[in-house]
Amino acid sequence: MSISNTGRTIDAIWRIESPKLIAGLTRMVRDVGLAEDLAQDALVIALERWPETGIPDNPGAWLMTTAKRRAIDLLRRNKLRDRKYEELTRSAEWYTEEDMDRQLDGEIGDDLLRLIFMTCHPVLSQDARVALTLRLLCGLTTDEIARSFLAAEATIAQRIVRAKRTLSAKKVPFEVPVGEELKERMAAVLEVIYLMFNEGYSATAGENWVRPLLCQEALRLGRMLAEIAPAEPEAHGLVALLEIQSSRLKTRVGPDGEPILLMDQNRAKWDQLLIRRGLAALDRCQQLGKPYGPYALQAAIAACHAKAMSPGETDWVRIAALYEALSRAMPSPIVELNRAVAIAMAFGPDFGLQIVDELNNEPSLSTYHLLPSVRGDLLYKLDRFEEARLEFERAASLTRNNRERELLLARASECMDKK
């Protein structure tokens, strides 16, 4: 394997393993900032050694063992209390491959949920909680997080640094809370799992359009959360949304990794078990007798697609109505953009274009690639091909995902052929 290929492989391994690594280290050292530093140290060592020695059979176990050794070395250097050092040493057993395989679905999996609750503590602002957790659990860069927030990169970087310092200074416990404290953190935890799934479903940057393992991890955490809080409607609403969206994952990319849009997917290959699980979770949400929240509304939209055997059978009028309700429950320019797509499908592209044109003056969407992408699609349907081409090219210049860029440039090329 060449050095460049090894580097790409290590990067992929890091994206998969870093959340588990940071969660396990946080349980040990009780400091999320220190845990991230130790994990990064292990990555640096891997980058130095693996190109020469080859990637180990279980890279996650290798990284965990290396990071734990760094933790013990750090404690020795800092001359922490003997009791604390002995306690850590007793818990710092070296992982074999078999140990790691067992722990991935057990204690370490639980640690991921504890980490989310720790970083979603009310001592932090809502935005800080979400930004920090996306950094630690999804491995997103500050630039990628800034794009999801529609905020400046420097603002997000400062927010993350301050959040880690606050958690350390306040000695926030590494645990899943109960009672009222659980309710206080629920909204932030739901948002984090939702954004984690979204990053896997449509990757912000890189060579791959989807990151299925990240989607699977978000879905697993969502299911755990719904079990912990069975009376929370939005926990079931979120699970319903993630189950139904997950049913499409295998049809979102072609044989060569190229994106396949919703209307072009082979619906016969959608996972019917996941769809049934999603619809059942939506039923549980409804049985709690409270109005649908943002996640349940999005799940209801996803259910409309899941129930349609073909694109032509989709109930776009209902979807447009659900987006109208969502825009009231969760006002957002992005929700409004999605509503414009639904309006266009239900009543014609002219109506959708009117809404999109109003969003052109929205500052937070000035670098959001899906705005010109949607506008290009609507113009294409109105046979305004030259205008559509310019919009697709602008969208391609804004996206950070290589697969999506290729798709948008292909759409622009189609417009040239139509002229």
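Of all residues in the range 373-400 being among the hydroxyl-bearing types (Ser, Thr, Tyr) and closer than 22 Å to ALA205 by Cβ, which is surrounded by the fewest Cβ atoms within 10 Å (Cβ to Cβ)? Only one residue fits best here, namely SER397.
In this structure, does LEU337 turn out to be in contact with a helix residue (DSSP H, G or I) (Cβ under 8 Å, 6 or more places away or on another chain) and crowded, with 16+ Cβ neighbours inside 10 Å? For LEU337, the condition - in contact with a helix residue (DSSP H, G or I) (Cβ under 8 Å, 6 or more places away or on another chain) and crowded, with 16+ Cβ neighbours inside 10 Å - is met.
Just give me the residues in the range 192-227 being charged (D, E, K, R) and within 26 Å of ARG403 (Cα to Cα), in sequence order. GLU199, GLU207, ARG211, GLU217 - these are the residues of the range 192-227 that are charged (D, E, K, R) and within 26 Å of ARG403 (Cα to Cα).
When you scan the range 248-268, how many residues do you find that are among the acidic types (Asp, Glu) and either surrounded by fewer than 12 Cβ atoms within 10 Å (Cβ to Cβ) or at positive phi (or both)? Lay out the reasoning, then the answer.
Filtering the range 248-268 down to residues among the acidic types (Asp, Glu) leaves 256, 258, 264.
From the residues that got through so far, the ones that are either surrounded by fewer than 12 Cβ atoms within 10 Å (Cβ to Cβ) or at positive phi (or both) too are 256, 264.
Result for the range 248-268: 2.
For the range 348-372, give me each residue that is assigned to a helix (DSSP H, G or I), under 27 Å from the mean Cα position of the chain (by Cα), surrounded by fewer than 21 Cβ atoms within 10 Å (Cβ to Cβ) and in contact (Cβ under 8 Å) with a residue 24 or more places away in the chain.
Going through the range 348-372, the residues assigned to a helix (DSSP H, G or I) turn out to be 349-359, 363-365, 370-372.
Checking which are under 27 Å from the mean Cα position of the chain (by Cα) leaves us with 356, 359, 363-365, 370-372.
Now narrow it down to the ones that are surrounded by fewer than 21 Cβ atoms within 10 Å (Cβ to Cβ): 359, 363-365, 370.
Selection gives LEU359, SER364, LEU365, LEU370.
Could you check, for the range 198-206, whether at least one of its residues is at pLDDT 85 or above, within 14 Å of PHE117 (Cα to Cα), under 10 Å from the mean Cα position of the chain (by Cα) and surrounded by 19 or more Cβ atoms within 10 Å (Cβ to Cβ)? Within the range 198-206 (the criterion being at pLDDT 85 or above, within 14 Å of PHE117 (Cα to Cα), under 10 Å from the mean Cα position of the chain (by Cα) and surrounded by 19 or more Cβ atoms within 10 Å (Cβ to Cβ)), the answer is no, since none of the residues qualifies. Every listed requirement among (1) free of Cβ contacts under 8 Å to residues at least 40 places away in the same chain; (2) not in a helix (DSSP H, G or I) is met by GLY257 save one, (1).
Residues in the range 208-233 that are assigned to a loop (DSSP other than H, G, I, E, B) and at pLDDT 90 or above: PRO230, ALA231, GLU232.
Would you check which residues across the range 179-207 are outside any helix (DSSP H, G or I) and on the phi > 0 side of the Ramachandran plot and list them? Spell out the reasoning first.
Going through the range 179-207, the residues outside any helix (DSSP H, G or I) turn out to be 202-207.
Matches in the range 179-207: GLY206 only.
What residue, of LEU34, LEU21, is over 22 Å from the mean Cα position of the chain (by Cα) and on the phi < 0 side of the Ramachandran plot?
Working: LEU21 fails: over 22 Å from the mean Cα position of the chain (by Cα).
Testing whether each residue is over 22 Å from the mean Cα position of the chain (by Cα) and on the phi < 0 side of the Ramachandran plot leaves just LEU34.
Within the range 287-325, if we keep just the residues that are in a helix (DSSP H, G or I) and of a type in the set (Lys, Arg), the residue that is nearest to the chain's Cα centre (by Cα) turns out to be LYS307.
Which one of these is at pLDDT 85 or above and either under 20 Å from ARG30 (Cα atoms) or in a helix (DSSP H, G or I) (or both): ARG69, ARG102, ARG76, ARG49?
Values: ARG69 fails: at pLDDT 85 or above; ARG102 fails: at pLDDT 85 or above; ARG76 fails: at pLDDT 85 or above.
The unique qualifying residue is ARG49.
Scanning the range 23-59 for residues that are within 20 Å of ARG129 (Cβ to Cβ) and touching a residue at least 60 places away in the same chain (Cβ under 8 Å) returns ALA23, THR26, ARG27, ARG30, ASP31, VAL32, GLY33, LEU34, GLU36.
From the list ARG328, ARG284, ARG375, the lone residue that is assigned to a helix (DSSP H, G or I) and farther than 30 Å from PRO233 by Cβ is ARG375.
The values are calculated or read from the model by the stated rules, or taken from the named source; none is laboratory data. Remember, it's a predicted structure, so these values are computed and weren't measured experimentally. Note: ideal-geometry Cβ built from the backbone for every residue, glycine included; neighbour counts use all protein chains shown.
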